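Down below is the structure, laid out as structure tokens.
Values in this text are rule-based calculations from the coordinates and carry no lab data. Worth saying up front: this structure is predicted, and the values here are computed from it rather than measured. Cβ atoms come from the backbone with ideal geometry, glycine included; neighbour counts cover every protein chain shown.
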Amino acid sequence: DAYISAIDAANGALNAYVTVTPEKARDMAKASDARLTDGKAGALEGIPLGIKDLFGTEGVHTQACSHILDGFAPRYESTVTQNLWNDGAVMLGKLNMDEFAMGSSNESSYFGPVKNPWRATGSNADLVPGGSSGGSAAAVAAFLCAGATATDTGGSIRQPAAFTGTVGIKPTYGRCSRWGIVAFASSLDQAGPIARDVRDAAILLKSMASVDAKDTTSVDLPVPDYETALGGSLKGMKIGIPAEYRVEGMPEEIEALWRQGIAWLKDAGAEIVDISLPHTKYALPAYYIVAPAEASSNLARYDGVRYGLRVDGKDIADMYEQTRAAGFGQEVKRRIMIGTYVLSAGYYDAYYLRAQKVRTLIKRDFETAFHAGVDAILTPATPSSAFGIADQELAADPVKMYLNDIFTVTVNMAGLPGIAVPAGLDAKGLPLGLQLIGRPFEEETLFKTAHVIE
Ligand code: GLN
């Protein structure tokens, strides 16, 4: 009830939730009470969560914040959300996001932008919460849920977490099942939590993660009790600092934050080593080929026949065209055009195949560092703090918007786990985050190290 009242009071201003499910929440909470009375409580018994609109939730609108999925309510539950309900969590509603998770500011949502609960000192200007999981990050930051699910294809958990002073982890590719989550770029997409602190993120990920026969890319490895990894010294650990992440034009405050993070980890007993990830500069262009290519294929299913919106036409081809023209927003159309272009017969080798080769080189860079004994890599999470809503410069130049992902996309390209943890405030009083990147399936190391920073 407290969370539902908080949503009622604040959501009009923040626009973090696109669907609120108070009845379902109360029913689930009652069932939780019964289990608690019977002494059968799950790990998340009664914990109220917000769910990104990308997760299929049975009987509850699931629109990926796109017009083309108008009115769609699946008859199935995503594996990740089912895992959470099995552990006793309670659903408060569905959270706003960039349309089909394409964006870094939550401004491409069909339901309008989300406002960051943070403002610069002495300013009333509205800021973005980051994206695409902007609703998840804003809701957690504003206490409109105890934690939230999110997804990350190129930074969509970590960048919004950094912009809102929350913790977000993208686990290793394969750690969580993608089944029942609306697909953006299937070889990059991973689910993970956004939470108020590292401990909450650890508890949530433990519950979300599982091998799943319905997603053959999910991995059959035991899911450790991440919470027990927290605490203790970092003695014997090696933390890599990649020279290539010192990008041109990076604000001095971000540099200073990074130096501060290094000092904290050193104080906790870690050894700091310089490393090189030489292919970093190709990650962003390669990502913006691979992700749209996969997206153009995944989005082919929205044809006005099977889901959501249908705009009638003079024949079936015209109906497809009218539906897709009306149903997809500008950014999604841009990605479909780029994607079909780079996959087309004459350009496949020059773009898509080349991007895949670059992807392998990026992965090898990380492998080299890990083989040399590095346990985790420390970088800034984003090149700036949260920027203004409707920023003219960014609206005019989509590539500038894509630069937001400069520190995060490499991690998805390599399939590695990455966590964003709040590390301080900038001169404007806005949160800044640091990112830790780990070895495959060693999320515990990230939780342990991030806990030292938060
Ligand atoms: N901002 C990136 C993009 O627009 C990443 C999005 C994501 O991780 N879902 O593709």
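At 0.36 nm per residue, minus the direct Cα-Cα distance, what do Ser5 and Thr216 gain on full extension? Give it in nm, one decimal, please.
71.9 nm
Beta carbons within 10 angstrom, averaged per residue: use that to sort the peptides 285-293, 91-99, highest first.
91-99, 285-293
Just to verify a number: FRET efficiency for Lys235 and Ala300, C-beta to C-beta distance, R0 = 45 Å, to 0.05?
Rounded to the nearest 0.05, the efficiency is 0.30.
Separation between the Asp225 and Asp38 pseudo-spin-labels, each 7 Å from Cα along Cα→Cβ, expressed in nm?
In this crude label model, Asp225 to Asp38 measures out at 2.4 nm.
Can you flag which of Lys170/Lys428; Lys206/Lys266; Lys170/Lys214 are past 24 Å Cα-Cα?
On the way: Lys170/Lys428 28 Å; Lys206/Lys266 28 Å; Lys170/Lys214 20 Å.
Check vs 24 Å cut-off fails for Lys170/Lys428; Lys206/Lys266.
Asp349 versus Val247, label points 7 Å from Cα toward the beta carbon: distance in nm?
A separation of 3.2 nm, rounded to one decimal place.
Label the stretch 406-454 by shape, choosing from rounded, prolate and oblate, from the square roots a ≥ b ≥ c of the eigenvalues of the Cα gyration tensor; if a/c is under 1.5 it is rounded, and otherwise prolate applies when a/b is larger than b/c, oblate when it is not.
Cα axes put the stretch 406-454 in the oblate bin.
What residues qualify as long-range amide H neighbours of Gly424, i.e. H under 5 Å apart, gap of 5 or more or another chain, H built at 1.01 Å from N?
Residues meeting the amide H criterion: Leu432.
Quick one: plug the Kirkwood hydrodynamic radius of the chain (C-alpha pairs) into Stokes-Einstein at 4 °C, 1.567 mPa s, and report D in µm²/s. Walk me through the numbers before you get to the answer.
Details: Rh = 21.9 Å.
Taking Rh from Cα pairs, D becomes 59 µm²/s.
Between rounded, prolate and oblate, where does the stretch 340-434 land on the alpha carbon gyration tensor, with a ≥ b ≥ c its root eigenvalues, rounded for a/c under 1.5, else prolate if a/b exceeds b/c? Numbers along the way, then the final one.
Numbers: a/c = 3.97, a/b = 1.18, b/c = 3.36.
It is oblate, given that a/c is not under 1.5 and a/b is not larger than b/c.
Counting helices only, and only those DSSP H runs with n ≥ 4, report the 222 nm mean residue ellipticity of the chain as the sum of -39,500 (n - 2.57) divided by its residues, in deg cm²/dmol to the nearest 500.
Theoretical 222 nm ellipticity from helices: -11000 deg cm²/dmol.
Can you tell me the length gained on complete extension of the stretch Gln392 to Met337, counting 0.36 nm per residue apart and subtracting the Cα distance?
So the chain would gain 17.5 nm between Gln392 and Met337.
Within the stretch 63-82, which residues have the backbone N less than 12 Å from the label spot 7 Å out from Asp312 along Cα→beta-carbon, could you tell me?
none
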